[in-house]
Amino acid sequence: MRSLAERHVHAIATATRRLIAEPLTHCLTILVIALSLAVPSTLYRIISDVAFMAKGQAGPPAITVLLRTTVNQDQVIKLSESLKHHQNIATIDFVSPEQGLKELQQRLGSDDVLAGLDHNPLPPALIVHASSSDPTILLALQKEIAASPLVDQAKLDADWARRLHAMTHLLEEAIFALALIFAAAVVIVVMNTVRLQVTAAREEIEVCKLMGASDAFVRRPFIYFGMLQMLLGGCVAFGMTEAARLGFNTLSTEWLKPYGLSFEVQPFHGAEALIGLLLALVLGWFAASSAVSSFLSRLRPR
């Protein structure tokens, strides 16, 4: 086990020396990797926070349930209790006819709404707040509630939910596609860099193979070389993302403050940053391993 650990330490030291040998070239490569990782991650963070703010501004999705005028208090309580256990319902608010009349008077700015009427025509109502903003779930929930014999109408203003959900979904798909493109670009860059390193060390590799070195022994330093590039690129990308976030927050404060609004992009959490670095290492391992394996498959002893 100690021998295996020593071989890995030796491979990491060799990869580090190769990285330091040409600092300018490798710094440019790391910068390209960092930009390719920072662009999609920054866009994802901004768009996800904007979508979250938009949902908060629009308010939680709700269904206005107008009950029949013939229902009594016990029936209202029974219906409310049955709906509270629904998996897609977060909360339920009861609005009595008297409360509904007060709200109507406040909106109209008149206390004489019942002029010419001998009774309050407003029915009791339930305001059902859904736990999801998915339009499909909202429409299914609306139909399910409307099917109750105690319900006269179940109204849902789902237009904003459809638009917000469609826009958010479209942006997420676009960022995912962009991330795949940049990931492919990063893999190509690392593969090309490792391929150049392998080609430059061709004679050394051939001597090692003649002396009985295994493919794993030859491959290991170059794999660590690619992973070190990706690790450094990921760290630089994290710094770029933070700089872009702070700059965006400064600009958004200047633009939105005159309108009484505020919005700030939140930083990546520790777990998110760790997952991002792990994904970068996986990409580096894949790119380097592919480049070295391709070279070894074509290598023939002289």
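The values are calculated or read from the model by the stated rules, or taken from the named source; none is laboratory data. Keep in mind that what you see is a predicted model, and the values were worked out from it rather than measured. All Cβ positions, glycine included, derive from the backbone under ideal geometry; neighbour counts span all protein chains shown.
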**Request:** Considering only region 249-282, state which residues are under 28 Å from ALA183 (Cβ atoms) and among the polar types (S, T, N, Q).
**Result:** ASN249, GLN266
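Here is a yes/no grid of residues against (1) of a type in the set (S, T, N, Q); (2) over 30 Å from ASN192 (Cα atoms); (3) modelled with pLDDT under 80:
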residue: THR14; (1), (2), (3): yes, no, no
residue: ILE20; (1), (2), (3): no, no, no
residue: ILE30; (1), (2), (3): no, no, no
residue: LEU37; (1), (2), (3): no, no, no
residue: LEU43; (1), (2), (3): no, no, no
residue: GLY59; (1), (2), (3): no, yes, yes
residue: GLN75; (1), (2), (3): yes, yes, no
residue: LYS84; (1), (2), (3): no, yes, no
residue: GLN87; (1), (2), (3): yes, yes, no
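Considering VAL236, VAL198, which residue is over 21 Å from the mean Cα position of the chain (by Cα) and assigned by TED's automatic domain parsing to the domain that holds SER36?
That would be VAL198, the only listed residue that is over 21 Å from the mean Cα position of the chain (by Cα) and assigned by TED's automatic domain parsing to the domain that holds SER36.
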**Message:** Given the options LEU251, LEU274, LEU256, name the one that is part of a helix (DSSP H, G or I), under 19 Å from the mean Cα position of the chain (by Cα) and exposed (fewer than 15 other Cβ atoms within 10 Å of the Cβ).
**Reply:** LEU274
**Request:** Would you point out the residue of region 197-234, among those that are surrounded by 23 or more Cβ atoms within 10 Å (Cβ to Cβ) and of a type in the set (Phe, Trp, Tyr), that is nearest to SER297 (Cα to Cα)?
**Result:** PHE222
**Request:** Under 6 Å between Cβ atoms, at least 6 apart or on separate chains: pull out the pairs that start in region 239-255 with a residue that is in the same structural domain as GLN266 (by TED's automatic domain parsing) and aromatic (Phe, Trp, Tyr) and end on any residue that is surrounded by 15 or more Cβ atoms within 10 Å (Cβ to Cβ) and not in a helix (DSSP H, G or I).
**Result:** PHE248/VAL265
**Asked** Which residue pairs have Cβ atoms under 9 Å apart, sit 6 or more places apart or on different chains, and have a first residue in region 1-24 that is in contact (Cβ under 8 Å) with a residue 24 or more places away in the chain and a second that is of a type in the set (Ser, Thr, Tyr)?
**Response** HIS8/TYR224; ALA11/TYR224; ILE12/TYR224; THR14/TYR224; ALA15/TYR224; THR16/TYR224
**Message:** Of the conditions (1) modelled with pLDDT under 85; (2) closer than 30 Å to SER82 by Cα, GLU144 satisfies every one except a single condition; which number is it?
**Reply:** (1)
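Would you call ALA237 surrounded by 15 or more Cβ atoms within 10 Å (Cβ to Cβ), at pLDDT 90 or above, of a type in the set (Gly, Ala, Ser) and in contact with a helix residue (DSSP H, G or I) (Cβ under 9 Å, 6 or more places away or on another chain)? Walk me through how you get there before you give the answer.
Working: surrounded by 15 or more Cβ atoms within 10 Å (Cβ to Cβ): yes; at pLDDT 90 or above: yes; of a type in the set (Gly, Ala, Ser): yes; in contact with a helix residue (DSSP H, G or I) (Cβ under 9 Å, 6 or more places away or on another chain): yes.
Taking the combined requirement at face value, the residue satisfies it.
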**Asked** Out of all the residues in region 245-292, which are within 29 Å of VAL32 (Cβ to Cβ), modelled with pLDDT under 85 and among the hydroxyl-bearing types (Ser, Thr, Tyr)?
**Response** SER252
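Just give me the residues in region 259-271 being part of a loop (DSSP other than H, G, I, E, B) and closer than 30 Å to PHE225 by Cα, in sequence order. Please lay out each step first, then the result.
Quick first cut of region 259-271, residues part of a loop (DSSP other than H, G, I, E, B) only: 260-269.
If the condition is that a residue be part of a loop (DSSP other than H, G, I, E, B) and closer than 30 Å to PHE225 by Cα, then PRO267, PHE268, HIS269 are the ones that fit.
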**Request:** Take ALA130 and decide whether it is modelled with pLDDT under 75, surrounded by 14 or more Cβ atoms within 10 Å (Cβ to Cβ) and touching a Leu at 6+ places or on another chain (Cβ under 8 Å).
**Result:** no
